[in-house]
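Worksheet: one structure, shown below.
The values are calculated or read from the model by the stated rules, or taken from the named source; none is laboratory data. Values in this document were obtained by computation on a predicted structure and should not be read as measured data. These accessible areas exclude ligands, DNA and RNA; they are computed on the full protein's heavy atoms, side chains included. Shrake-Rupley method; radii C 1.70, N 1.55, O 1.52, S 1.80 Å.
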Amino acid sequence: LADSSPMHVDVQRDLAIAYEKLANVARSAGQHAAAVEAYRGALERFERLARLDPENAIAARSVAIAQEHLADALVDAGRRSDAVGPLRLALATHRDLAGRDRHSAQATCDAARVGERLGLVVGGGRPTPDACTAWRESARLHRRPGAAGCAPEDTARIAARAATCGTAGGDDDP
């Protein structure tokens, strides 16, 4: 059906969600390669949908979340360095969405969450220079007006991570 209706948005979205569900099952079963491939399938379909309507924030967010899921599966598969690219793309999308609406809690919190995750992946959980850059940006996002909707424990955890980095590089608001 999806092949016979390549432009039918509902069918394509349902197919993307089906790929995501298959990936979730494979991931929970420890089938890392299958999870990575299924998340790639979901991402490809979400990207196709986003290209059909570039101004659709929900479609853009779906792409970013699919990139996050792919990155998580890559980390699970022991391919941490391969996970950095999808996380950077997801962060860029969430930043863009937060920039479109500086008071959007969802977009701001999404960007902060992915920034924290990126820092964990690039630094292997340690406060390396790249990790600190990501954590500081995440902490800055938590100080924006839209961040009032973020969970207080997330704000505290990210602030604590950024604090492990000292003050080199500063953390003034952009």
Exercise. Give me the accessible area per residue for the chain, probe 1.4 Å, as a whole number in Å².
Key: 52 Å²
Quiz item: What value, in deg cm²/dmol to 500, does the helix sum -39500 (n - 2.57) over DSSP H runs of n ≥ 4 give at 222 nm once divided by the residues of the chain?
Solution: -24500 deg cm²/dmol
Practice problem: Report, to the nearest whole %, how much of the accessible area of the stretch 52-97 belongs to carbon and sulfur atoms, 1.4 Å probe, protein only. | Solution: 52 percent
Practice problem: Would you kindly derive the ³J(HN,Hα) couplings of the stretch 99-107 from the backbone phi angles with the Karplus curve 6.51 cos²θ - 1.76 cosθ + 1.60 (θ = phi - 60°), listing them in order in whole Hz, with x for Gly and Pro? | Solution: x, 5, 9, 4, 9, 7, 5, 4, 5
Self-check item: Mean Cα-pair separation over length for the chain, i.e. relative contact order, pairs under 8 Å, 6 or more apart, %
Solution: 14 percent
